[in-house]
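First the structure, in the form of structure tokens, and then the observations on it.
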Amino acid sequence: ETGVTQTPRHLVMGMTNKKSLKCEQHLGHNAMYWYKQSAKKPLELMFVYNFKEQTENNSVPSRFSPECPNSSHLFLHLHTLQPEDSALYLCASSQDLVGYTFGSGTRLTVV
Amino acid sequence: EDQVTQSPEALRLQEGESSSLNCSYTVSGLRGLFWYRQDPGKGPEFLFTLYSAGEEKEKERLKATLTKKESFLHITAPKPEDSATYLCAVQGGGADGLTFGKGTHLIIQP
């Protein structure tokens, strides 16, 4: 496989559920990101991992918990979400914080 | 705080009708300005990176230009397959990620 792969593509979860989004990059990049894309709003940066260390957390609620076990894998753990958290969640990777490649995203619906 | 404003929000063109999309930005220490294309239900697809004012890049029917305050994405003789949302983003000197605009939704009618 090449590029950035995200699973699952679609996820429906209740507000009391716990689920995880997975991202894997096959580009040898050293930084990975989570972005949120909601209707009528710009992509919002959520988390940045540079060399496996979290370098940025843009005031994201604690119900979103990232994990980066190595430079190729990134997870977003979800728990007790709200309906307004329904969105497209995009993972991206880059080399030296430049030249971003995005995955196809996970369409999350919270019911 | 880095900011990106794209205009128009939506644009409908006839096939072959050339036009330009605008991206105005304010950033502290521009490291790069990026253009992406996004199709429905998919992630953004990279088109161009511009690094300094005066720089231009071309790819097929697309040409991106950059000044100190804005960037243009020129579309020459577009085809229906060019229909998509075009996103502009900047990376500032103090940021580890990109700041995006809301995008321009482009529709090319046959």
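Computed from the coordinates by the stated procedures, all read-outs in this text should not be read as laboratory data. What you are looking at is a predicted structure, and each value in this text was computed from that prediction instead of being measured. Cβ placement follows ideal geometry from the backbone for every residue including glycine, while neighbour counts extend to all protein chains displayed.
Pop the C-beta distance of B:Ser24 and B:Ala77 into the FRET formula with R0 = 25 Å and round what comes out to the nearest 0.05. Rounded to the nearest 0.05, the efficiency is 0.45. Counting pairs of Cα atoms in chain A, how many percent are more than 16 Å apart? Result for the distance tail: 55 percent.
In the frame of its principal axes, chain B has Cα extents of 44, 30, 20 Å, reported largest first. Residues considered: B:Lys69, B:Lys57, B:Lys42. Largest GNM mean-square fluctuation over chain B, using C-alpha springs under 10 Å, is found at B:Lys42.
A simple spin-label model places pseudo-atoms 7 Å from Cα toward Cβ; at B:Thr5 and A:His73 they are separated by 4.5 nm. Take each residue of peptide A:43-49, count the partner chain Cβ atoms within 10 Å of its Cβ, and average: the result is 4. Across the options A:Asn50, A:Tyr33, A:Asn17, the greatest Cα extent toward the positive end of the charge dipole of chain A (unit charges at beta carbon of Lys, Arg, Asp, Glu) belongs to A:Asn17.
For B:Lys79, the aspartates and glutamates whose Cα falls under 13 Å of its own Cα, not counting residues fewer than eight places away in the same chain, are B:Glu15, B:Glu17, B:Glu60. Taking amide H as placed 1.01 Å from N in the peptide plane, B:Lys102 has its amide H under 5 Å from the amide H of B:Gln6, each at least 5 places away in sequence or on another chain.
For a Förster distance of 30 Å, can you work out the FRET efficiency between the beta-carbons of A:Arg63 and B:Lys42, rounded to the nearest 0.05? Please report the intermediate quantities before stating the final value.
Values: r = 26 Å, r/R0 = 0.88.
Rounded to the nearest 0.05, the efficiency is 0.70.
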